[in-house]
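Every number here is computed from the coordinates shown, using simple stated rules; none is lab data. This one's a predicted model, so the numbers in the text were calculated from it and none came from an experiment. Cβ: placed from backbone, ideal geometry, glycine included. Neighbour counts: every protein chain shown.
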Amino acid sequence: NTTGATDAQVKAVEGFISTTSIAAAVADDELRPALDKLVRGTGDVTKAQDLLSLALDISAGTGKDLGGVSDALSKAFNGNFKALKMLDPALAGLIENGATTDEVFAALGKTFKGAASTSANTASGKMKSFSIQMGEFKESVGAAVAPIIEKLLPAFQTLGNWISNHVG
């Protein structure tokens, strides 16, 4: 934790990532870097979480990679709309007419609203969500078992050495 966030803040963000992963059928390994880009771009975790939801909808609606969409939203938040125009050329007119960042984000929200949820609720999305949850389960089990194996490993090595020295 290099940001100075409290344990409670870190736990809240982890909870958000877990919940979002299940709801959107997107692996936490994709969500963390996307959220990181948005936090760095906005300087605000709550705003970044809102933009991540928008990024998930845009990604699902366009088929574009979540990292690229998050990067485009982060840049747009700071006034650089070029990447957003490439994501949705229909925004060009709105941007050229002087729309604010909030107006552009609202237009994107209207266009892609619910796309991530719709995608997650297809048969394919449900299978992906199940696969993600099984992967998380394996990680949890591995994390719980690893310290036990580490403690037992020297005994197993000693036993293995004894067997190889005394048998055969």
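Can you pick out the pairs among Lys11/Lys151; Lys64/Lys128; Lys85/Lys113; Lys11/Lys128; Lys113/Lys138; Lys47/Lys110 whose Cα atoms lie more than 22 Å from each other? Intermediate values should be presented prior to the final figure.
Details: Lys11/Lys151 28 Å; Lys64/Lys128 17 Å; Lys85/Lys113 18 Å; Lys11/Lys128 25 Å; Lys113/Lys138 33 Å; Lys47/Lys110 18 Å.
Going by Cα-Cα distance, Lys11/Lys151; Lys11/Lys128; Lys113/Lys138 fall outside the 22 Å limit.
Once you keep just the Cα pairs under 8 angstrom separated by 6 or more residues, what percentage relative contact order results for region 1-77?
27
Mean Kyte-Doolittle of at least 0.0 and a Cα length of 15 Å or more along the axis: which whole DSSP H helices of the chain meet both?
On the way: long enough: 7-24 (25 Å, 0.53); 28-42 (20 Å, -0.81); 45-62 (25 Å, 0.64); 66-77 (16 Å, 0.70); 101-112 (16 Å, 0.37); 123-166 (57 Å, 0.12).
In the chain, the long hydrophobic H runs are 7-24, 45-62, 66-77, 101-112, 123-166.
Would you mind working out the magnitude of the charge dipole of region 67-168 relative to its Cα centre, with +1 at each Lys and Arg C-beta and -1 at each Asp and Glu C-beta, to the nearest 20 Debye?
200
Among Gly43, Gly142, Gly61, which one moves the most in a GNM of the chain with springs linking Cα atoms closer than 10 Å?
Result: Gly142 has the largest fluctuation of those listed.
Quick one: compute the contact order of region 1-133, relative version, from alpha carbon pairs under 8 angstrom and 6+ residues apart, as a percent.
30
To the nearest 0.05, how large is the calculated FRET efficiency for Lys126 and Ala146 if R₀ is 41 Å and r is the Cβ-Cβ distance? The partial results should precede the final answer.
Details: r = 30 Å, r/R0 = 0.74.
Efficiency, from the Cβ-Cβ distance: 0.85.
So for region 51-168, taking the charge dipole from beta-carbon charges (+1 Lys/Arg, -1 Asp/Glu), which of Asn97, Pro147, Asn161 sits furthest toward the positive end?
Sorting the options by dipole projection puts first Asn161.
Per the helix-only calculation at 222 nm, which mean residue ellipticity applies to the chain, given -39500 (n - 2.57) for every DSSP H run of n ≥ 4 and division by its residues, nearest 500 deg cm²/dmol?
-27000 deg cm²/dmol
Can you compute the charge dipole magnitude of region 25-64 about its Cα centre, using +1 on each Lys and Arg Cβ and -1 on each Asp and Glu Cβ, nothing else charged? Give it in debye, rounded to the nearest 20.
So the dipole magnitude of region 25-64 works out to roughly 160 debye.
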